[in-house]
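Written out below as C-alpha cells is the structure these notes cover.
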Amino acid sequence: MQSNIKEHVIFRNPTTSQERQDVANSCVRKLHIKIPALLDGIDNRVEQQYTAWPDRLFIIGRDGLMKYKSEPGPFGFDPKKLKPVLQDAISRLPG
Amino acid sequence: MSALPAIATSTRVTQSRAWKARISRVAGSVVVLYSLLLAGLYYAMLQPPETFARLMMHVGAAPFLLFPFESMWKHARGGRLQIGDIAPDFRLPLLDGSGSVELSSFHDSRPVVLIFGSYT
C-alpha cells in the first residue's frame, strides 16, 4: 500500500515464526510500544478466533466475557471508543 | 410523394428502438459484470489475510472507488464473537522471549484490552 511505502514499512509477508518475530520487533521499536506484545503462531490461530486482521480492539472483563469488540480494522480501529467501556469495567473492580 | 414522410418516420422509429435495445443490452451487461465483481470482492474478503493481500496488490485502489468497500469489509470481517460471549482463551509467547501469557490468568483479577495489529 502507498501508506506502507510512505512510512518505510515494507516487509515481505512472513512465512515462518522467526520472520514474524523480526517484523513484530520492528513494529514495537518503530511505534515505541511499551505494553506487552504477544506473537500469534504462524497458523494465525488466535487471529482467526477473534477475526482480528488487520487490526481490532477488544475488552475482556474479569469474568472472562467479551465486553467490547470493535468493528474490523482499519475502519473500526478507534481507541477512543474503548474509554467508556474500560472505565465501566474498572469501576466494577473490588476495593 | 405522400408515402415518403411516412417511410422516413418509420425509419426513425426503428432506429430509435434499435438504439434503445442496444443501450439496454449494454446496461444489462454492465449490471451483471458489476454484480459479479462485487460478489468476487466479497468472497476475497472472506479469504485468509495472505490471499486477500495478494489480490489487493494486483487490483490497487479500484475496489475502494467502485464498490462500497467499507460496508462490505465490516460485514465480511464481522466475526462470530459477540458481546457477552466467553472470550476464546489462548497462551502466546511474549515477543521479548521472557515467557508467555495466558488470557484466562487474568480472570477474577482485572479486565484486559487486546490490541490486535498487523505490520505488513
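The values are calculated or read from the model by the stated rules, or taken from the named source; none is laboratory data. Everything numeric in this text was worked out from a predicted model, so none of it was measured. As a convention, Cβ positions derive from the backbone with ideal geometry for all residues, glycine included, and neighbour counts pool all protein chains shown. All accessible areas refer to the heavy atoms of the entire protein, side chains included, with ligands and DNA or RNA removed. Shrake-Rupley method; radii C 1.70, N 1.55, O 1.52, S 1.80 Å.
At a glance:
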| read-out | value |
| --- | --- |
| Peptide A:39-52 - average C-beta neighbours from other chains (10 Å radius) | 5 |
| For chain B, alpha-carbon Rg relative to the globular expectation (2.2 N^0.38 Å, N residues) | 2.10 |
| Over chain B: helical MRE at 222 nm, DSSP H runs n ≥ 4 each giving -39500 (n - 2.57), nearest 500 | -18500 deg cm²/dmol |
| GNM flexibility winner over chain B from B:P68, B:P88, B:P49 (Cα, springs under 10 Å) | B:P88 |
| Size of the A/B contact, given as accessible area buried on both chains, probe 1.4 Å, in Å² | 4400 Å² |
| Extension gain (nm, one decimal) between B:T11 and B:I83, 0.36 nm per residue minus Cα-Cα | 19.2 nm |
| Gyration tensor (alpha-carbon) shape descriptor, chain A, a/c threshold 1.5 | prolate |
| Calculated FRET value between B:T51 and A:Q49, using beta carbons and R₀ = 22 Å, to 0.05 | 0.75 |
| Sequence-distant residues sharing a close amide H with B:L94 (under 5 Å, placed H) | B:G99, B:S100, B:V101 |
| Hz values of 3J(HN,Hα) by residue in region B:85-96 - Karplus curve (6.51, -1.76, 1.60), Gly and Pro given as x | 6, 6, 5, x, 6, 7, 10, 10, x, 6, 5, 7 |
| Sequence-separation-based contact order of chain B, relative, with Cα cut under 8 Å and 6+ spacing, percent | 13 percent |
| Gaussian network model of chain B, Cα within-10 Å springs - most flexible of B:R12, B:R77, B:R54 | B:R12 |
| Anchor A:K81: aspartates and glutamates whose Cα lies under 13 Å away (excluding residues fewer than 8 positions away in-chain) | A:E71 |
| Among B:L37, B:L81, B:L94, residue whose mean-square fluctuation peaks in a GNM of chain B (springs only between Cα atoms under 10 Å) | B:L94 |
| Carbon and sulfur %, accessible surface of the protein assembly as shown computed with the full protein complex present, 1.4 Å | 61 percent |
